[in-house]
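The values are calculated or read from the model by the stated rules, or taken from the named source; none is laboratory data. All figures in this text were calculated on a predicted structure; none of them were measured in a lab. Positions of Cβ are generated from backbone atoms using ideal geometry, with glycine treated the same way; all protein chains shown enter the neighbour counts.
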Amino acid sequence: MKKEICLNCNAQTDKNYCSTCGQKTQTHRITLKHFFLHDLLHGIWHLEKGILFTIKETLVRPGQAALDYISGKRIRYYNVFYLALLVIGLNLLLSHFYESLHPIKEETNDDTLQVTQFFKDHIKLILLSIVPILGGVAFLVFKRMKLNIAEHFIIGGISLLGILMLSVVFSFINFILTFDVPNWIGYLEILSFLLLLLFPAWVYYNAMRQHYSFWGFLWRIIVFYFLVLLILFTILSIIVYQLTQGGRQFYINL
């Protein structure tokens, strides 16, 4: 069988894909027709297919999807953390759109403005920092899974992605409530908020139901939520203190 030379890395190969770098061995000259009908549409289709599949798996079977990814079944998934950044951007866009239509009266308190501005400037980092918190606490609480800390970060990433997607729904419902809508829409807002809060529990139950009894999982997830909320409250309290009292004390000392 005639061996081909990979045009990307110059390795010899006799298959459709180079075993060294993964590029197709059969390349083509780029023309306008091939660009529009193959490269552009093909790339968009596969990108959307990966995103839609990841969103579906995140909502329907998030824990098992995370375990599939950890076990090596990764080609069908779009990167969870890239997708989380996209959804964060969508949330920020909706928030900006909402504020443009319904301006919020700015607080005159300097401390409040400083804290608000800090969270606006660092919102992506703050949200992504939830992943190591979830992963670290789960590593301590759910020992029977025998996952390392990095693998727990993957489950934490799936949890964050689901929370962010549900927050889009919550923000949208909150937006339409500013108009004259039926009262039952308000119940949807409450429901979406509850689903947002309980989504991590669904993720870990979906991942670990075969390893724990219902009651064994229940007390562990309660401990999990308690520790996560305690850590978040502590971190946020430190940030607020440093931005207000800490900064004021610094200027007094000067």
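Pairing each residue of region 157-182 that is over 15 Å from Leu93 (Cα atoms) and in contact (Cβ under 8 Å) with a residue 40 or more places away in the chain with any residue that is part of a loop (DSSP other than H, G, I, E, B) and not β-branched (Val, Ile, Thr), provided the two are 6+ apart or on different chains, yields C-beta distances under 7 Å for Thr178/His102. Residue check: Gly50 meets all listed conditions (1) farther than 19 Å from Val203 by Cβ; (2) outside any helix (DSSP H, G or I); (3) modelled with pLDDT of 70 or more but one, namely (2). State all residues of region 126-163 that are small (Gly, Ala, Ser), surrounded by 16 or more Cβ atoms within 10 Å (Cβ to Cβ) and within 21 Å of Arg61 (Cα to Cα); if no residue qualifies, say none. If the condition is that a residue be small (Gly, Ala, Ser), surrounded by 16 or more Cβ atoms within 10 Å (Cβ to Cβ) and within 21 Å of Arg61 (Cα to Cα), then Gly135, Ala138, Gly156, Gly157, Ser159, Gly162 are the ones that fit.
When region 161-191 is limited to residues that are among the hydroxyl-bearing types (Ser, Thr, Tyr) and more than 13 Å from Val87 (Cβ to Cβ), the one that is modelled with the highest pLDDT turns out to be Tyr187. Checked against the criterion of being more than 17 Å from the chain's Cα centre (by Cα), in a helix (DSSP H, G or I) and small (Gly, Ala, Ser), region 210-222 has at least one qualifying residue.
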